[in-house]
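Visitor: Okay, here's the structure, questions in a sec.
The values are calculated or read from the model by the stated rules, or taken from the named source; none is laboratory data. Treat the numbers as computed from the prediction; the structure is a model and nothing was measured. So basically every Cβ, Gly included, is an ideal-geometry build from the backbone, and we count neighbours across all protein chains shown. SASA here: full protein model, heavy atoms, side chains in, ligands and nucleic acids out. Shrake-Rupley method; radii C 1.70, N 1.55, O 1.52, S 1.80 Å.
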Amino acid sequence: MKADSAYFKQQLNKMSYADLIAVALKYYEECCGLRAELDELKNTFSYTADELKKVKAECEDLVIRVNTLNHENTRLQNQTDELKKNRFGRKSEKMNGKIHDDEFSDPLSEEMNESDCDGKKQNNNDSQKSRKIKRPACRQLNRKKKTRQIPEITIIDFDRERIDKEYGYGKWTLKGWNISEEFMFIPGNLYRVYVKRPVIRVYDDDDTNDLREVALPVNKLMLRSKVTPSLLAFIMSFKFVLGVPLARLSRVLSYQGINLSKEIMSDWVIKCTDRYLKPVYSEIMRQMACRTYTQIDETYLEVINDGRNAGSKSYIWCHITGEFEEERPLAVFCFELTRSADHLLEFYADLNDGTIHLTSDAYSAYYKLASEKKDHVILGGCFMHLRRRLYKAYEVKFKAVKDKELLEESPEKKCLDMIGDLYSADDDAKELTAKERAKVRDEIERPLVDAYFDYIKSLDISSGTFSEEMEDAVSYSLNHEDAFRVFLDDPMVPIDNGECERKIRNIAMVRNNSLFCYSIGGAETLCIIMTLIETAKSNGCDPHTYLEYLFESSLAHASVDISEYIDEMMPWSSEYQKFEEERFSRPLGKIPDFCTEEPEMPVKADVDTARAERRHAMMTENINSTTSRPAA
């Protein structure tokens with residue numbers, strides 16, 4: 001660089017003054033050009049810096065949007081996993097001991113082992129090589145539908161003593177028989193029954209031969225119908241005990257040769273329920289409102305024609321007696337259009353004396369009832385609902401934390417272990433007497449409950465370190481602590497509302513299979529029948545036998561007001577116990593002892609003799625009355 005400078009000076013010394021001025025002007029112009037380029041570059045750099053700031057800000061916004069979308073995607077994925085687990089996976093109520101990793105796996109996962117995959121790939125390749133055979137279209141043949149031959153029975157429905165008592169001995173003769181076709185279900189078999197009922201001719205007067213035709217009254221559930229108590233009990237059992245829709249039951253019966261549409265069966269069920277079963281339902285509901293220990297829950301139901309907009313939800317309320325009440329347990333289902341507290345206030349409207357212990361979840365309607373009837377209602381909480389919230393919080397923690405040691409020390413796991421220990425102690429006390437259970441709860445369970453709430457209160461949910469599910473579980477525990485502690489002070493109060501949820505599960509099964517009720521009358525019929533079925537099951541009775549007994553008893557007491565024999569209609573009555581014992585002692589499929597042969601009928605000579613005897617008696621009575629009359 002120094003050598004270049006020295007060479008430049010030598011060249012300048014050799015130049016003349018004019019040459020030096022020319023060189024200076026040349027370099028001056030170049031310097032000005034460079035300065036102009038520099039200014040342009042400075043302006044360009046300033047513009048580029050502004051653009052860079054804008055791009056940087058846009059990138060930051062995009063990062064925020066991406067993080068937000070990732071968070072939303074994770075939330076939706078967790079929600080999808082939770083829905084799949086609730087539908088197909090294990091429930092929190094089935095936890096035994098520690099929670100395993102496979103409990104949180106995808107229940108719909110189709111992943112397989114490599115050996116299984118290889119075998120299936122081979123099968124798929126073979127199936128692809130197989131040649132597809134085109135099947136010809138089936139021809140529509142005018143073939144007669146095949147039906148199974150149903151056993152037939154002919155029954156003689158004839159009571160000569162009753163006819164003589166009503167119309168007089170010797171005052172009637174047999175004209176013929178009315179034959180009606182019915183279907184009878186005897187456990188194990190269906191029968192087509194032909195019932196022959198007599199049509200008689202009655203003499204209006206002993207002095208004349210005028211005859212009046214009389215058809216004896218028919219004692220049936222529905223006139224001009226094929227329904228019998230056994231068949232109707234069979235239909236109700238399939239529909240409301242097994243959850244079989246009437247359309248499917250109609251197809252099943254058609255295979256047996258009985259063509260009954262779902263509309264006909266639905267009409268039978270609704271009309272006979274309203275006519276024969278509703279008084280029994282009202283009596284059970286009356287007794288339920290007087291019980292000291294009750295449990296309540298509700299579930300939704302869709303009714304098509306309820307006068308509201310499409311998709312509006314109706315509700316079924318379930319009332320049962322306490323889990324530890326062994327004498328005459330009850331279960332009552334009530335239909336309501338809404339989920340408001342009006343139903344509870346109406347159900348317990350006459351609760352002015354005494355106190356009831358009500359176990360339920362934390363729905364606000366129950367707290368409103370407790371506030372309205374604060375001197376008469378003690379509300380108990382449900383640890384099952386609390387455990388479900390903690391289980392959801394643990395699921396979120398399980399997915400976020402991969403270290404198993406940290407997972408075991410997490411608050412979610414500790415809370416679940418505390419609730420598990422509490423349930424283990426309470427399960428052991430369920431078979432004890434009330435006095436022994438109170439001792440166990442006071443000595444073992446109370447310290448566990450105290451330890452749980454002390455630990456919950458030590459957690460700072462406002463710190464932002466817990467998931468939303470855990471914050472919800474902690475808030476749920478603290479807000480309803482008083483209700484959760486009620487079972488510790490009374491051994492007859494259960495720890496949760498699981499018994500009521502198990503009762504209401506049958507409603508959910510019928511709802512899932514039948515999808516909806518067409519009318520409000522159908523929904524009320526569902527509640528009435530499910531009340532009788534669940535009450536019978538709670539008392540250890542067979543639902544089908546109990547329903548058949550109710551219909552047969554109603555027919556037997558057709559001329560008597562039901563209030564005079566309502567006690568006989570309860571599943572714990574001695575009359576029903578005898579009926580069930582007789583049904584169960586009968587061999588499966590055996591036909592009951594019916595009158596199948598036509599009895600002897602009064603012949604004309606007997607009728608004439610009886611009429612002559614009555615005329616002679618009447619003449620003798622007239623003569624005696626004339627003789628004994630005093631003279632004028």
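Visitor: So the label point goes 7 Å from the Cα of residue 515 along Cα→C-beta, right? Which residues of region 312-348 then have their backbone N under 16 Å from it?
Guide: Under cut-off, by backbone N: 312.
Visitor: If you split all Cα-Cα distances of region 375-486 into 5 Å bins from zero, what percentages do you get per bin, shortest first?
Guide: Here the calculated profile for region 375-486 is 2, 11, 20, 23, 17, 12, 8, 4, 2, 0, 0.
Visitor: In angstroms, what radius of gyration and Dmax does region 283-374 have, counting Cα atoms only?
Guide: 14.0, 44
Visitor: Give 368/537; 220/537; 220/278; 271/503; 84/392 a once-over and call out the pairs whose C-alpha atoms are over 23 Å from each other.
Guide: As for pairs spanning more than 23 Å Cα to Cα, those are 368/537; 220/537; 271/503.
Visitor: Let's test the formula: R0 of 56 Å, r as the Cβ-Cβ distance of residue 84 and residue 17. What FRET efficiency results, to the nearest 0.05?
Guide: FRET efficiency, residue 84 to residue 17: 0.05.
Visitor: Mind grabbing the accessible area of residue 455 for me, 1.4 Å probe, Å², rounded to tens?
Guide: The accessible area comes out at roughly 50 Å².
Visitor: Oh, and also: Rolling a 1.4 angstrom probe over the protein chains, ignoring ligands and nucleic acids, what is the accessible area of residue 83 in square angstrom, nearest 10?
Guide: Rounded to the nearest 10, that gives 110 Å².
Visitor: Count charges around residue 442 for me, please; just the other residues with Cβ under 15 Å from its Cβ, Lys/Arg as +1, Asp/Glu as -1.
Guide: Net local charge, residue 442 excluded: -2.
Visitor: If one computes P(r) from the Cα atoms of region 459-558, what percent of pairs lie at distances over 16 Å? Could you put the intermediate results ahead of the total?
Guide: On the way: 3686 of 4950 pairs.
Counting every Cα pair in region 459-558, those more than 16 Å apart make up 74 percent.
Visitor: Could you pull out the trypsin sites (Lys or Arg not before Pro) across region 313-395 that fall in loop regions by DSSP (anything but H, G, I, E, B) with no more than 10 other Cβ atoms inside 10 Å?
Guide: Numbers: sites: 313, 339, 368, 373, 374, 387, 388, 389, 392; in loops: 339, 373, 374.
Passing both the DSSP loop test and the Cβ count: 374.
Visitor: Using the Karplus equation 6.51 cos²θ - 1.76 cosθ + 1.60 (θ = phi - 60°), what ³J(HN,Hα) coupling, rounded to whole Hz, does each residue of region 363-377 give in order, writing x for Gly and Pro?
Guide: 5, 5, 4, 5, 5, 5, 4, 5, 6, 6, 10, 4, 8, 10, 10
Visitor: Given 37 °C and 0.692 mPa s, how large is the Stokes-Einstein diffusion coefficient of region 404-447 in µm²/s, with Rh as the Kirkwood radius over Cα pairs?
Guide: It comes out at roughly 283 µm²/s.
Visitor: Right, here's the next one. At what distance in angstrom do the alpha carbon centres of region 339-406 and region 48-77 lie from each other?
Guide: 43 Å
Visitor: Still on this structure, I have one more. Mind putting a number on the dipole of region 305-521 about its Cα centre? Charges go on the C-beta only, +1 for Lys and Arg and -1 for Asp and Glu, and I need it in Debye to the nearest 20.
Guide: 880 debye
Visitor: Which order do the peptides 496-505, 49-58, 512-521 come out in when sorted by mean C-beta neighbours inside 10 angstrom, highest first?
Guide: The peptides rank, most packed first, as 496-505, 512-521, 49-58.
Visitor: If R₀ is 25 angstrom, what is the calculated FRET efficiency for the pair residue 224 and residue 263, using the beta carbon separation as r and rounding to 0.05?
Guide: Step by step, r from the Cβ atoms, then E = 0.95.
Visitor: Cβ under 9 Å from residue 543's Cβ, residue 543 left aside: what net charge do those residues give with Lys, Arg +1 and Asp, Glu -1?
Guide: Around residue 543, the charge tally is -1.
Visitor: Between residue 446 and residue 72, with labels modelled 7 Å along Cα→Cβ, what's the label distance in nm to one decimal, could you check?
Guide: Those two pseudo-labels are separated by 5.3 nm.
Visitor: Ok, one more. Between the DSSP loop rule and a limit of at most 13 other Cβ atoms within 10 Å, which GluC sites (Glu not before Pro) in region 267-345 are left?
Guide: 326, 327
Visitor: Shape verdict for region 305-521, please, from the Cα gyration tensor: rounded (a/c under 1.5), prolate (a/b greater than b/c) or oblate.
Guide: Details: a/c = 1.90, a/b = 1.31, b/c = 1.45.
Taking the square roots of the gyration eigenvalues as a ≥ b ≥ c, region 305-521 is oblate.
Visitor: For region 1-63, just say rounded, prolate or oblate: build the C-alpha gyration tensor, square-root its eigenvalues into a ≥ b ≥ c, call rounded for a/c under 1.5, and beyond that prolate if a/b exceeds b/c, oblate if not.
Guide: Oblate shape, in that a/c is at least 1.5 and b/c is the bigger or equal ratio.
Visitor: So how do 28, 167 rank on accessible area, 1.4 Å probe, biggest first, that is with the largest at the start? List each step's numbers first, then the result.
Guide: Working: 28 145, 167 40 Å².
Putting 28, 167 in descending order of accessible area: 28, 167.
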